[in-house]
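Some notes on the structure that comes next.
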Amino acid sequence: MGRTRRLLRKRWVKRLWLLFLVGFCLLNAIAFTGVYMLTHFAPPGQFAVGYTRPESAKVPSDMGLSYVTQRIPINQQEWLEAWSIPAQGIEPAGTVMLLPGNRGSKAAQLLAPGRAFYELGYDTFLVDFRGLGGSSGNTTTLGMREADDVAIAASYLQDAGYSPPLIFYGVSMGGVAVLKATAEDRVHPEAMILEAPFYTMLNAVKSRLSAVKAPTFPLANLMVFWGSVQHGFNGFAHNPVDYAHQVSVPTLILQGAQDPWTTLEEVEQIAKNLQGEQQLTIFPETGHTLLVTVDKPFWQQAVRQFLLQL
């Protein structure tokens with residue numbers, strides 16, 4: 001009788017271990033596939049795993065703005081595409097380089113704020129990260145490699161003799177890339193405007209999983225791990241709240257109070273960690289969206305006031 005019980009116990013232990021192994025493999029497969037889809041784009045009209053690659057459906061002339069398309073070479077196979085929009089009829093107050101968020105192109109996310117900066121008297125330079133719009137590539141790294149793109153575009157502007165002061169404006173992931181490039185001392189803007197940056201890579205993944213009612217642990221950790229493996233960087237160290245400790249540039253942060261991806265406490269901590277002058281402007285009834293399209297007068301007032309203090 002005792003022997004039979006021992007045999008049954010061993011069988012149940014083996015089954016439990018097998019069930020655990022199958023579940024673990026399945027969870028890793030879900031995480032691997034999920035992060036691949038989130039960071040890889042399918043070319044328009046072609047079947048591939050991932051979101052459709054963001055393209056430029058509009059151009060500045062659709063908003064009555066004259067512009068020149070610039071192609072910035074990275075190497076023999078890669079390039080960045082940008083739109084240069086001059087401040088018409090006046091001496092420019094400076095130059096603003098605008099960077100989009102994840103899965104957003106210069107056409108989709110930068111034309112509205114670009115128009116607002118144009119109205120404030122600035123030359124504007126709207127840049128597509130690699131994988132977006134008119135730039136090369138079909139992947140995104142959520143601000144890691146994009147920090148290199150910020151440095152490359154800034155160097156191009158300097159060689160082209162931009163009108164100072166140079167100001168960076170980044171939306172969501174674009175703001176994170178700006179923060180990372182500045183923290184690593186690869187770019188030297190006179191000021192930065194960050195709109196809805198995320199707190200840490202892990203928290204950003206957790207918040208998005210929570211939004212679709214998916215378990216955050218251990219799925220978020222696995223997704224950051226597999227994203228790190230797929231793209232060759234440590235996603236657990238990709239944390240804007242830590243980059244802020246290394247930034248002494250005057251910075252304005254614009255944030256929606258109802259943003260489901262970054263809490264007010266998190267964005268306040270980013271602002272607190274900045275070493276230079278910093279301002280935080282909250283849009284009370286707004287979530288994670290392009291803030292200039294929600295309340296343009298309030299947006300322009302905050303930006304104008306910040307820039308006048310430089």
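Can you confirm whether Glu265 is out of contact with any Cys (no Cβ under 9 Å at 6 or more places or on another chain), assigned to a helix (DSSP H, G or I) and either touching a residue at least 12 places away in the same chain (Cβ under 8 Å) or not polar (S, T, N, Q) (or both)?
Yes.
Kindly indicate whether Gly232 is at positive phi and either of a type in the set (S, T, N, Q) or within 20 Å of the chain's Cα centre (by Cα) (or both).
Judged against the criteria, Gly232 is a match.
Just give me the residues in the stretch 268-281 being open to solvent by 10 Å² or more (accessible area, probe 1.4 Å), free of Cβ contacts under 8 Å to residues at least 40 places away in the same chain and either of a type in the set (Gly, Ala, Ser) or not in a loop (DSSP other than H, G, I, E, B) (or both), in sequence order.
Passing the criteria: Glu268, Lys272, Asn273, Gly276, Gln278, Gln279, Leu280, Thr281.
Tell me which of these Val127 doesn't satisfy, since it passes every other one: (1) under 22 Å from Pro43 (Cβ atoms); (2) among the β-branched types (Val, Ile, Thr); (3) in contact with a Phe, Trp or Tyr (Cβ under 7 Å, 6 or more places away or on another chain).
(3)
Can you tell me which residue among Ala204, Ala191, Ala244, Ala183 is among the aliphatic types (A, V, I, L, M) and touching a His at 6+ places or on another chain (Cβ under 8 Å)?
Result: Ala183 is the single residue among Ala204, Ala191, Ala244, Ala183 that is among the aliphatic types (A, V, I, L, M) and touching a His at 6+ places or on another chain (Cβ under 8 Å).
Looking only at the stretch 156-181, how many residues end up being open to solvent by 10 Å² or more (accessible area, probe 1.4 Å) and either touching a helix residue (DSSP H, G or I) at 6+ places or on another chain (Cβ under 8 Å) or of a type in the set (Lys, Arg) (or both)?
Residues flagged as open to solvent by 10 Å² or more (accessible area, probe 1.4 Å) and either touching a helix residue (DSSP H, G or I) at 6+ places or on another chain (Cβ under 8 Å) or of a type in the set (Lys, Arg) (or both) within the stretch 156-181 amount to 2.
Among (1) open to solvent by 10 Å² or more (accessible area, probe 1.4 Å); (2) in a helix (DSSP H, G or I), there is one condition Ala147 misses while meeting the rest; what is its number?
For Ala147, the failing item is (1).
For the stretch 245-262, what are the residues that are among the polar types (S, T, N, Q) and modelled with pLDDT under 95?
Result: Thr262, single match.
Given the options Pro297, Pro260, Pro284, name the one that is open to solvent by 70 Å² or more (accessible area, probe 1.4 Å) and under 18 Å from the mean Cα position of the chain (by Cα).
Only one candidate qualifies: Pro260.
Taking the stretch 112-135 as the region of interest, how many residues are open to solvent by 10 Å² or more (accessible area, probe 1.4 Å) and under 20 Å from the mean Cα position of the chain (by Cα)?
Number satisfying all stated conditions: 3.
Residues of the stretch 4-38 being under 14 Å from Ala220 (Cα atoms) and either β-branched (Val, Ile, Thr) or in contact with a Phe, Trp or Tyr (Cβ under 7 Å, 6 or more places away or on another chain) (or both), which ones?
Residues satisfying the conditions are Ile30, Ala31, Phe32, Thr33, Val35.
Could you list, in sequence order, all residues of the stretch 86-105 that are surrounded by fewer than 17 Cβ atoms within 10 Å (Cβ to Cβ) and among the small types (Gly, Ala, Ser)?
Gly89
Can you report the number of residues in the stretch 76-85 which are at pLDDT below 95 and either at positive phi or open to solvent by less than 70 Å² (accessible area, probe 1.4 Å) (or both)?
Count: 0.
Consider Gln305 against the criteria (1) at pLDDT below 95; (2) over 20 Å from the mean Cα position of the chain (by Cα): it satisfies all of them except one. Which criterion is unmet?
Looking at each condition in turn, Gln305 falls short on (1).
Scan (1) closer than 22 Å to Lys58 by Cβ; (2) open to solvent by less than 10 Å² (accessible area, probe 1.4 Å); (3) assigned to a helix (DSSP H, G or I); (4) in contact with a Ser or Thr (Cβ under 9 Å, 6 or more places away or on another chain) for the single condition Ala153 breaks and write down its number.
Ala153 satisfies every listed condition except (4).
Among the residues of the stretch 204-251, write down those that are open to solvent by 50 Å² or more (accessible area, probe 1.4 Å) and under 16 Å from Ala271 (Cβ atoms).
Of everything in the stretch 204-251, those that are open to solvent by 50 Å² or more (accessible area, probe 1.4 Å) and under 16 Å from Ala271 (Cβ atoms) turn out to be Asp242, His245, Gln246, Ser248.
The values are calculated or read from the model by the stated rules, or taken from the named source; none is laboratory data. Everything numeric in this text was worked out from a predicted model, so none of it was measured. Cβ sites come from the backbone with ideal geometry, for glycine too, and all protein chains shown count toward neighbours. Calculation scope for accessible area: heavy atoms of the full protein, side chains included, ligands and nucleic acids excluded. Shrake-Rupley method; radii C 1.70, N 1.55, O 1.52, S 1.80 Å.
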